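A short reminder: the numbers here are calculations on the coordinates, not readings from a lab. All figures in this text were calculated on a predicted structure; none of them were measured in a lab. Cβ coordinates were reconstructed from backbone atoms using ideal geometry, including for glycine residues, and neighbour counts include every protein chain displayed.
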Amino acid sequence: MSSDDEFKTIHIGRIGSNGGKLSSSSSIESNGASSRRRNMPMMYQMYESQYEDLRGTVYGPESPDFFPAQASECLRKALSTGIETNDRAIINVLVHHNNFQRQKILSAYEDMYEKNLIADIEEETGGFFLEMVVALFKPAHVLDTLQLYKSISNRYGDHSVAVEIACTRSARQLKVIREQYQQDFKKTLEKDINVKVEGIFGRMLSLLLCKPREEDGKRLDDDLVNRHANLLLSVRNIQQTVDDLSRNIVIFEQIFVIKCWRHIAAVLNRADEIRGDRRDIETILRKNKTMHSETRLMLLTLVHVARNSQLYFAEKLRNAMCGDKSDHPTIIRVIVTRSEIDMADIVEEYKRRYQRSLEFDISQTCSGDYCRLVLSVINPTSGMHD
């Protein structure tokens, strides 16, 4: 029996026939998720429990007794085949277990073989395949914390990943990241941003990452939406730019930091309605040539995420594949971090936006086992990709 065949005997799937959606009304799903969360450390519970109706592509076995020892045996055989590592068996284990279950597999592997699984994989594989495997095995909140640290510490001033995390993680997730950041780097995130990220952009980034935000769910206050929309429009100067907004911390905090994302989207839509046939807020931001480039990127990210976060990630993937040089770190980051949250919706938004499948474009951009791994995370139900 091959490693692939052996793994199939221990896999218990939860992936629906519609590409990953499991209704939150399903008693099986709810009981499985509830049981799984009770077996998680609190940090994992806080990081996962924000999404009641998951539209990811990776779920893993619903039972907490998912036999990590057998998955470890499969991995050990895949890494001990001699000249050629069985990368497909590694892919199978990764895409058929969720992030928390992979931590159990890491522990079981070390207990059984007195070896570090990641170190063994690093000896046998390499390139972007290895980078993605390591990312998939990292606890989700640890991966985000590390990505954030690298972004704000970037000597070249590219803080786009920090902005992405600030705008696409929930208030509770950001709280976990802040706690993990202090634990890992022995300093608070807020103080580190103040030291490493200069100017008003740094103050805005600190607010987005460190200031508590209302969670979506409350009924929108129409009067407040109208007030904020008029406030947003009032900060334009006579040339009808948004330069003043990029320098006004008080207004930035009122509109973009404290309130929930549904409120921000409503404010933006109302502001565009008030302007009528004139250029919308997004166009004004895009065409502004005097605003600091990172501040403009931050404001555009806020607009995109508030209106459609899945479309935002679809555009990130498209841009990563269409430049002069493919941006594989972005491809890996987006695919890994959204795999258990909304990857199925991102795939749909990609096709709707570009009239082509994400899988096809990935197959044209990536190669080898790395390509198979990316495609398997995007659509685990399709089996091994050729």
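Points worth noting:
- Remark on the range 290-386: Rg and Dmax equal 14.0, 50 Å (Cα only).
- Both radii come from the Cα set of the range 94-172: Rg as radius of gyration, Rh as Kirkwood radius; their ratio Rg/Rh reads 1.05.
- Charged neighbours of ARG155, selected by a Cβ distance under 14 Å, balance to 0 (K, R count +1; D, E count -1).
- Highest-first packing order for the peptide set 144-150, 276-282 is 144-150, 276-282, based on the mean count of other beta carbon atoms within 10 Å.
- Near VAL377: Cβ cut-off under 12 Å, other residues only, Lys/Arg at +1 and Asp/Glu at -1. The net charge is 0.
- Taking Lys and Arg as +1 and Asp and Glu as -1, the other residues whose beta-carbon sits under 14 Å from that of ARG262 total +1.
- In this label model, ILE249 and ASP223 are separated by 3.0 nm, measuring between points 7 Å along each Cα→Cβ vector.
- Cα pair count fraction exceeding 13 Å, expressed as % - the range 215-291: 67 percent
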